[in-house]
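To start, the structure itself, in structure tokens.
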Amino acid sequence: MLEQGAREASALRLGQDHEVYIVMACQDRLETEQVGQELLKVNSGRLQAYRRIRDLICNPPTGPITSAILATHDGQAEVTEALEWIRRQWPRCLTIVIGDTGCGRQERMARQGGALFLTRPVSAEQWLAIVCHASGDNLL
């Protein structure tokens, strides 16, 4: 019988029959394409993009997601609501909020909501790290 820690660790790893499933709420097509390109590099998974946070909440994906990226210019209340909703739906998914500037209310709100916070422009290496983390790949 596995110890509690080993059971939890194995539950977090993706099996052969599970794929990386990233959802992204983003108004910038370039950022969405960058995530898609990095996902192609790890050669597995899928990306489902939404233009607004409200679209994600009203039309949620089916099945478990491994990562949620919120990169819209929606208001603080909408982002806070989305972070709470994501935590209820997929408590173990990696959640990232992308903002224009750091060290402000948006970053504090993201971190208090259990999300990582990155500022624009997000580098290809950072996108790849997000995708690799979502896939369970520790190559970086």
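Worth pointing out:
- Reported count of residues in the range 58-106, each being in contact with a Cys (Cβ under 9 Å, 6 or more places away or on another chain) and of a type in the set (D, E, K, R), is 1.
- Number of residues in the range 29-38 that are surrounded by 15 or more Cβ atoms within 10 Å (Cβ to Cβ) and either out of contact with any Phe, Trp or Tyr (no Cβ under 9 Å at 6 or more places or on another chain) or without any contact (Cβ under 8 Å) to a residue 24 or more places away in the chain (or both) equals 2.
- Residue match in the range 62-75 (condition: under 13 Å from the mean Cα position of the chain (by Cα) and surrounded by fewer than 19 Cβ atoms within 10 Å (Cβ to Cβ)): yes
- Look at the range 128-140: where a residue is of a type in the set (Lys, Arg) and assigned to a helix (DSSP H, G or I), no partner that is surrounded by 17 or more Cβ atoms within 10 Å (Cβ to Cβ) and modelled with pLDDT under 85 sits 6+ places away or on another chain with Cβ atoms under 6 Å.
- Of all residues in the range 65-95, exactly one satisfies the criterion of being free of Cβ contacts under 8 Å to residues at least 24 places away in the same chain, outside any loop (DSSP other than H, G, I, E, B) and under 12 Å from MET109 (Cβ atoms), namely ALA77.
- Taken over the range 72-96, the criterion of being more than 22 Å from GLN126 (Cα to Cα) and among the basic types (Lys, Arg) is satisfied by ARG87, ARG88.
- Residue selected from the range 96-119 under the condition surrounded by 15 or more Cβ atoms within 10 Å (Cβ to Cβ) and in a loop (DSSP other than H, G, I, E, B), by the criterion modelled with the highest pLDDT: ALA115
The values are calculated or read from the model by the stated rules, or taken from the named source; none is laboratory data. This structure is a prediction, so every number in the text was calculated from the model and none was measured. Heads up, the Cβs are rebuilt from the backbone with ideal geometry, glycines too, and the neighbour counts pull from every protein chain shown.
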